[in-house]
Amino acid sequence: MTAPPAEPFVHPALFYRGEQEYVDGTVPFVREGLAAGEPVAVAVPGPKLDVLRSALGDAATDVRFIDMTQAGRNPGRIIPKVLRVFADAHPKARVRIIGEPIWPDRTGVEYPACVQHEALINSAFEGRDATILCPYDEAGLSEQVLSDAYATHPVVISDGRWLDSPSYAPERVVERYNEPLAIVEGAEGYVFGADELPAARCFVAERAARFGLSGVRLDDLALVVAELTTNSVVHGGGSGTVYVWGEGGQVVCEVRDEGELKDALAGRRPSPPAQLGGRGLLLVNYLMDLVRVRTGVEGTVVRCYVDV
Amino acid sequence: MDRAWEADPPDVSSARSTGTLQVRPLADRTGWQAAGEVSLATRTAWERALDRLALEDVEVCHLELSGVTFVDVAGVSALAVAVQGLPEGRRIMIEQPPAAVGRVLDMFWPDLPGVEVVAR
């Protein structure tokens with residue numbers, strides 16, 4: 001008998017305090033990867049990119065740097081648009097990525113989507129030849145965030161030591177942050193069925209324009225509304241209600257229907273070019289600044305935020 | 001009241017749509033002219049037009065979309081899949097589509113050979 005093969009995907013959380021610990025925890029990780037001939041990407045917030053670039057010196061030229069505050073603004077697109085796109089570009093190699101999707105400025109509205117993203121990396125990358133190291137700023141993040149990191153990462157690195165997380169439970173995290181999203185007071189709503197899809201789109205576009213959205217961003221929102229409302233008609237019980245309102249410099253649009261979204265990775269898998277359908281939720285994740293989802297037997301709410 | 005409401009709402013009447021699609025052959029070149037919108041209700045008519053375009057035996061087929069107000073992602077996907085099925089050397093020229101068509105093509109099919117977009 002041989003032992004079962006070890007899971008090739010490695011997903012540690014790195015806890016750090018201050019710049020020196022950050023550099024000590026990440027730079028050797030990058031250098032080891034480069035020395036082993038592994039493609040390396042670093043997707044972290046802008047100021048951290050500068051720290052790593054200068055610490056790496058000449059070696060930085062062989063690393064792909066991505067500003068996570070831009071690419072990962074909406075956590076729902078980090079798996080398809082940052083992590084998978086890099087891993088898939090190197091199908092024959094083991095890849096090494098530093099991904100820092102949670103930073104102290106993330107808001108309470110964003111956080112549930114962030115932690116669900118961290119949890120879903122595990123199933124999205126199961127069986128893949130990859131290491132994704134996720135730094136956590138111990139000095140700036142709350143106890144809750146740090147304790148969630150133990151639940152979303154099978155291993156953690158603390159004080160330079162690797163240890164198995166005693167509380168790894170990614171599915172439970174996805175469920176715990178599947179938080180109710182109540183109808184917002186003052187939001188304007190429109191009930192649609194198959195015949196009202198164009199009207200639902202125009203309903204949202206007109207109101208979003210009044211809230212200050214224009215140009216490409218308004219086009220983006222129209223595309224997103226079309227995808228979500230069409231999903232309700234085709235998969236979500238045949239009808240739904242779309243709501244729109246303005247909130248703190250953003251337009252928020254949400255679609256509620258009676259369907260249940262059973263695939264936690266929906267909208268997070270890159271689509272093969274020859275595939276005809278299945279890009280709707282992916283597009284929603286690509287174009288919106290934040291997407292929150294609540295789903296269950298009682299129905300589904302997809303709430304999208306777009307900056308004006 | 002929100003400040004944004006004080007100004008006159010922008011004219012978005014051009015974005016209004018009835019959810020229909022008219023497709024007719026172009027008079028002066030091989031291909032089709034479409035008007036209306038490409039969405040769930042008109043997907044079949046759109047895919048039929050793309051199928052017939054793929055059967056034309058010319059190097060370049062034209063799809064004139066200046067009268068189209070909206071194309072959803074499934075509509076752009078059908079277009080991209082049709083283009084990928086073209087025999088080598090053939091291409092489809094998309095004329096004056098809504099701006100989002102080019103953006104969605106770039107997003108999911110960057111550098112797709114066989115399609116050329118002539119912007120509005």
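The values are calculated or read from the model by the stated rules, or taken from the named source; none is laboratory data. Everything numeric here is computed off the predicted structure, so don't read it as measured data. Positions of Cβ are generated from backbone atoms using ideal geometry, with glycine treated the same way; all protein chains shown enter the neighbour counts.
Structure summary
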item: Output for the range B:87-107, where each listed residue is surrounded by fewer than 20 Cβ atoms within 10 Å (Cβ to Cβ) and not polar (S, T, N, Q); result: B:Pro87, B:Glu88, B:Gly89, B:Arg90, B:Arg91, B:Met93, B:Glu95, B:Ala99, B:Gly102, B:Arg103, B:Asp106, B:Met107
item: So A:Asp164, is it at pLDDT below 95, more than 26 Å from A:Tyr305 (Cβ to Cβ) and surrounded by fewer than 20 Cβ atoms within 10 Å (Cβ to Cβ); result: no
item: Residue among A:Arg84, A:Arg106, A:Arg73, A:Arg94 that is of a type outside the set (Asp, Glu) and under 19 Å from A:Asp148 (Cβ atoms); result: A:Arg106
item: Test set (1) within 13 Å of chain A (Cβ to nearest Cβ); (2) buried (at least 16 other Cβ atoms within 10 Å of the Cβ) - B:Gln84 fails condition number; result: (2)
item: Members of the range A:166-187 found to be in contact (Cβ under 8 Å) with a residue 40 or more places away in the chain and among the hydrophobic types (A, V, I, L, M, F, W, C), listed by number; result: A:Val173, A:Val174, A:Leu181, A:Ile183, A:Val184, A:Ala187
item: Residue identified as exposed (fewer than 14 other Cβ atoms within 10 Å of the Cβ) and farther than 19 Å from A:Gly299 by Cβ among A:Arg201, A:Arg207, A:Arg172; result: A:Arg172
item: Test: residue in the range A:252-267 that is closer than 18 Å to A:Val216 by Cα, at pLDDT 95 or above, touching a Lys or Arg at 6+ places or on another chain (Cβ under 8 Å) and within 14 Å of chain B (Cβ to nearest Cβ); result: yes
item: Residue in the range A:201-210 that is away from every other protein chain (no Cβ under 11 Å) and either part of a helix (DSSP H, G or I) or in contact with a Phe, Trp or Tyr (Cβ under 9 Å, 6 or more places away or on another chain) (or both) present; result: no
item: Strands (runs of 3 or more DSSP E) wholly inside the range A:1-102 containing at least 1 residues that are surrounded by fewer than 15 Cβ atoms within 10 Å (Cβ to Cβ) and assigned by TED's automatic domain parsing to the domain that holds A:Ile157; result: A:63-67
item: Residues of the range A:174-200 satisfying the condition of being under 30 Å from A:Gln144 (Cβ atoms) and assigned to a helix (DSSP H, G or I); result: A:Val174, A:Glu175, A:Arg176
item: Number of positions in the range B:106-120 that are more than 9 Å from chain A (Cβ to nearest Cβ) and in contact with a helix residue (DSSP H, G or I) (Cβ under 6 Å, 6 or more places away or on another chain); result: 3
item: Members of the range A:257-308 found to be aliphatic (A, V, I, L, M), surrounded by 15 or more Cβ atoms within 10 Å (Cβ to Cβ), touching a helix residue (DSSP H, G or I) at 6+ places or on another chain (Cβ under 7 Å) and farther than 20 Å from A:Val82 by Cβ, listed by number; result: A:Val302
item: Any hit, the range A:235-244, residues being of a type in the set (Ser, Thr, Tyr), within 27 Å of B:Arg43 (Cβ to Cβ), away from chain B (no Cβ under 14 Å) and surrounded by 16 or more Cβ atoms within 10 Å (Cβ to Cβ); result: yes
item: Qualifying residue in the range A:225-232 (condition: within 13 Å of chain B (Cβ to nearest Cβ) and free of Cβ contacts under 8 Å to residues at least 12 places away in the same chain); result: no
